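The values are calculated or read from the model by the stated rules, or taken from the named source; none is laboratory data. The model shown is predicted, which means the values in this text are computed figures rather than measured ones. For neighbour counting, all protein chains shown are included, and Cβ atoms are generated from backbone atoms with ideal geometry for every residue, glycine included.
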Ligand code: SF4
Ligand code: SF4
């Protein structure tokens, strides 16, 4: 905590953290609506859990909002058509993971929506549904965490009976450099957001909700503070700019001072966190009967001609989005889905926007490759910046020596893969690559045993 | 164009500070001290420093290239330059070249490369070399040239202030008597005193410290905890008997304490990982330095103190692991009453 933060009541998490260059190039760019693509590619696995089961056949006509794949089991999500047209084929196509996965391709014809979807801009503030009905509607609407994790929201909201939630935290931190989708959302859809918060509060039966926003979004802090003045139980907390403040565990620490136990869930300390984008999707699902068929995403990069924030249909190839902002700049070396700290590098421009695609970042050739690696100089910087209190240098050495049991004792599974260690290491060590390897090995061994 | 896309795991950005830049930062931080060395000792200082750097860099390059068959460049990570300068800082400015060469061999060959090169050496290479030379060539290593009279305000003898103190104590002088023979406080601070090439100017060291902290190359933990410990301990003795024990400021400003605190003890490779560990390390060096100085037979003590604490680093690391997130939840779980249906019988 610095001196300034005492005066303006700014909070932050204690342990570690880094300050990558913010580069929020699109903070002042209003959200533009991107027209539907010529053809949409909709994957059946856009969420954590089982892939959805396809319910359409080739040649079938669909409208916006039609279920085209049904959730498989409880931890799964419905997939809706985001366009109207004809199902062209069902095949394996590249998704953001870089692998070919089952996807439904739809040739777009017109833009016909299911009639029961309320597409008017009218605010619906009265919440008619009961707690169970709300969760059911969220389940049916295919809402998942839009911040990047894509965990099905109905599962998250279904809190085990032995846990008591006393706070709902809204994640408006957007600590990833470059991304501004959540920022614009808070500025342009604040009323919808607040009703969405009320809906979530009713679903969870909590009476306190706090929106956490970093100080580099003063306008959003001010606006939401004003709008929530008369809203009982809803408050705004300004946060110091520090990565990874938007990590669930860091946000909980920053706002409430609580720490989620190792291997536990936020519910273990009485908290539930939802991203502001997800909250807007909840509003639309519950109040407007609109399933998750579009999202706000940022298209950005230092060389991009017209970087901006767009409302795009799920399934739009990122090429369309890039074309809308001036095309691929010369000397682009890497295209990342998400932010530069945790995003995934894409192999191809035809990969579609998925539910959890918070941004597309174009990185110049000159910054695309990793720099030369040196020996560990034991500087301790990776330890200093790890927000989980881990020792990345040690975890990397253990992983290299296949000592995965030992890494597990050193809490490697607590790693949130924020990348702060690898970002900081002056020797350019690929710390997180090796840590991921360890985590995967341990998880595999566990599932093999189970 | 999609054929050329780089696909690699996150993170996709990196902090600006990388090893060569860290090393260059340290070298820049040593420039004030180098300048004072040249002011005080003239061309001798330049000669010794250049030789030392050339020997260190050359030995490292040769060993990497021909002994380990590593792909390398002459300057590679720049760390050999630092070792070279630090070695020069730790010797008199009139040391013959063959002794410098031996020092470089001990520093780079014996105490760094034989452990596997940068990052693997348990002891500070320049300090190992200094102690080695001190025991092998005690005469050459302790006959300091007189600083150039134009700059040194006082007609200094070749002895170091700490040497005067030890010698004085042997013949039975009191501290105030001895202090009268020495340069004033400000001379100590600016660095007009006898001693090894780069260890005299506290002012230059402070400049270097400020620069390195500003660029976030090092943190305050090691230098400040070490200096404070020395001030507190020597201060306690001085309060107890000012005729027997020197003023704490005197201890700080002489005999390589500043050099040790700023450039030697802060060496990444041979110091602990965590802030807590660094503080323990700094305090340890302070304590050992004071005890060697006050009760040992060597007038100085910093080099030994740092080397001793270097040996403790693995143990310090083991006991100062960072606190894991979640080891304390700061949350009291409310009692949950799971309602059970009471079936009336
Ligand atoms: S990626 Fe994992 S180990 Fe590295 S800083 Fe983040 S939490 Fe710590
Ligand atoms: S940051 Fe890199 S060089 Fe420093 S201790 Fe960690 S792994 Fe080693």
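Tallying residues that are away from ligand 1 (no atom under 11 Å from the Cβ) and closer than 20 Å to residue B:326 by Cβ within the stretch A:401-450 yields 6. Within the stretch B:111-132, the set of residues being away from chain A (no Cβ under 14 Å) and touching a helix residue (DSSP H, G or I) at 6+ places or on another chain (Cβ under 7 Å) comprises B:111, B:126, B:127, B:128, B:129, B:130, B:131, B:132.
Looking at B:239, B:249, just one residue is over 20 Å from the mean Cα position of the chain (by Cα), closer than 30 Å to residue B:173 by Cα and away from ligand 1 (no atom under 16 Å from the Cβ), and that residue is B:239. Can you say whether residue B:75 is farther than 24 Å from residue B:255 by Cα and outside any helix (DSSP H, G or I), as far as the supplied structure shows? Yes; evaluated as a whole, the condition is true for this residue.
One residue alone among A:398, A:390, A:394 is within 16 Å of ligand 2 (Cβ to nearest atom) and surrounded by fewer than 22 Cβ atoms within 10 Å (Cβ to Cβ), and that residue is A:394.
Yes or no, residue by residue, for (1) more than 30 Å from residue A:301 (Cβ to Cβ); (2) assigned to a helix (DSSP H, G or I); (3) touching a residue at least 40 places away in the same chain (Cβ under 8 Å); (4) facing chain A (nearest Cβ under 10 Å):
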| position | (1), (2), (3), (4) |
| --- | --- |
| B:34 | yes, yes, yes, no |
| B:54 | yes, yes, no, no |
| B:82 | yes, yes, yes, no |
| B:91 | yes, no, yes, no |
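Residues in the stretch A:161-175 that are at the interface with chain B (Cβ under 10 Å from one of its Cβ atoms) and touching a helix residue (DSSP H, G or I) at 6+ places or on another chain (Cβ under 7 Å): 1 in all. Each residue in the stretch A:260-276 was checked for being assigned to a helix (DSSP H, G or I) and either within 14 Å of chain B (Cβ to nearest Cβ) or at pLDDT below 95 (or both), and 4 pass.
Conditions (1) more than 30 Å from residue A:278 (Cα to Cα); (2) surrounded by fewer than 22 Cβ atoms within 10 Å (Cβ to Cβ); (3) within 23 Å of the chain's Cα centre (by Cα); (4) within 16 Å of ligand 2 (Cβ to nearest atom), marked per residue:
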{"site": "A:366", "(1), (2), (3), (4)": "yes, yes, no, no"}
{"site": "A:369", "(1), (2), (3), (4)": "yes, yes, no, no"}
{"site": "A:379", "(1), (2), (3), (4)": "yes, no, no, yes"}
{"site": "A:384", "(1), (2), (3), (4)": "yes, yes, no, yes"}
{"site": "A:418", "(1), (2), (3), (4)": "no, no, yes, yes"}
{"site": "A:440", "(1), (2), (3), (4)": "no, yes, yes, no"}
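Looking only at residues in the stretch A:420-438 that are facing chain B (nearest Cβ under 9 Å) and over 26 Å from the mean Cα position of the chain (by Cα), the one that is nearest to ligand 2 (Cβ to nearest atom) is A:427.
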